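So the structure is just underneath, and the comments pick up after that.
The values are calculated or read from the model by the stated rules, or taken from the named source; none is laboratory data. These figures come from a predicted structure and were not determined experimentally. All Cβ positions, even for glycine, are placed from backbone atoms using ideal geometry, and neighbour counts span all protein chains on display. The area values use the complete protein model at the heavy-atom level, side chains included, leaving out ligands, DNA and RNA. Shrake-Rupley method; radii C 1.70, N 1.55, O 1.52, S 1.80 Å.
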Amino acid sequence: MRVLNKVVTAFSGAVISTMVVACSSINSGVVVDKQYDPAYTYMQPICSAYNSSGQCSVWSHIPQHVEEQWTITFEGLTEPKDGEEQKNKKRTIEVSEQLYETVLLGDEVSIDENGDVWIK
């Protein structure tokens with residue numbers, strides 16, 4: 001059960017990080033990190049039967065597969081809004097394996113209105 005808690009905690013942290021980064025207002029910058037996460041499978045516990053008190057009495061485990069993922073992180077300045085100063089921010093995005101292999105640390109990238117990533 002502790003392993004499940006660690007997986008759930010790590011997954012929740014990744015989701016929260018993604019949500020925070022997704023709110024970032026940068027669409028271009030310099031690549032500062034690349035990360036590859038290989039595919040993996042974990043066993044998710046599911047309650048199969050409950051006792052008369054409503055507590056789980058039989059646990060089953062169902063395999064859950066997570067696909068491999070390639071991400072890049074770039075750093076750039078925010079767009080100025082309503083007289084605010086520009087701020088330096090980072091943004092992490094998922095990319096294709098081909099783009100991951102092509103882009104190098106230090107390359108400048110931008111995301112267009114369609115969500116396509118371009119190397120400048």
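State which residue is least open to solvent (accessible area, probe 1.4 Å) when the search covers only segment 96-120 and only residues that are among the acidic types (Asp, Glu) and at pLDDT below 95.
Across segment 96-120, the extreme among qualifying residues is ASP112.
Considering only residues that are more than 17 Å from ASN27 (Cα to Cα), in contact with a Ser or Thr (Cβ under 9 Å, 6 or more places away or on another chain) and open to solvent by less than 70 Å² (accessible area, probe 1.4 Å), which ones fall in segment 61-95?
GLN64, VAL66, TRP70
Going by the conditions given, is TYR42 assigned to a strand (DSSP E or B), among the hydroxyl-bearing types (Ser, Thr, Tyr) and within 30 Å of VAL109 (Cα to Cα)?
no
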